[in-house]
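Please read the structure below before turning to the comments.
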Amino acid sequence: MNTTAERKSRSVRIKTALDKHLEELAKEENRSVNNLIETLLAKASGFKEPNEETRRAIEETDKEIDTLKKYKSAQEAFDDILG
């Protein structure tokens, strides 16, 4: 899976205490501070953009939509899957 995307570098000034807090959060979540900040900003602003793998899956589903089995309920789907 290719997780690289076009990025823009931006410099911001934040309080030292906030920076320390972000570093601690990132460490707890085993992620980079950059990734944490980007995720927080995307959530706070309502930004949603599927990655390339998700886009391909959507395109594949769109091509096969007419051949997919339709279910009237989740229970019907579970019954079909589980036999």
Among helices (runs of 4 or more DSSP H) entirely within segment 24-83, at least 2 residues that are at pLDDT 90 or above, among the hydrophobic types (A, V, I, L, M, F, W, C) and under 30 Å from Val12 (Cα atoms) occur in 33-45
Picking from Leu68, Leu36, Leu41, Leu25, the residue that is surrounded by fewer than 10 Cβ atoms within 10 Å (Cβ to Cβ), without any contact (Cβ under 8 Å) to a residue 60 or more places away in the chain and not small (Gly, Ala, Ser) would be Leu68
Only one of Glu76, Glu49, Glu60 is charged (D, E, K, R), surrounded by 10 or more Cβ atoms within 10 Å (Cβ to Cβ) and within 24 Å of Glu6 (Cα to Cα); which? Glu60
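The values are calculated or read from the model by the stated rules, or taken from the named source; none is laboratory data. Note that the structure is predicted; figures quoted are calculated from it, not measured. Positions of Cβ are generated from backbone atoms using ideal geometry, with glycine treated the same way; all protein chains shown enter the neighbour counts.
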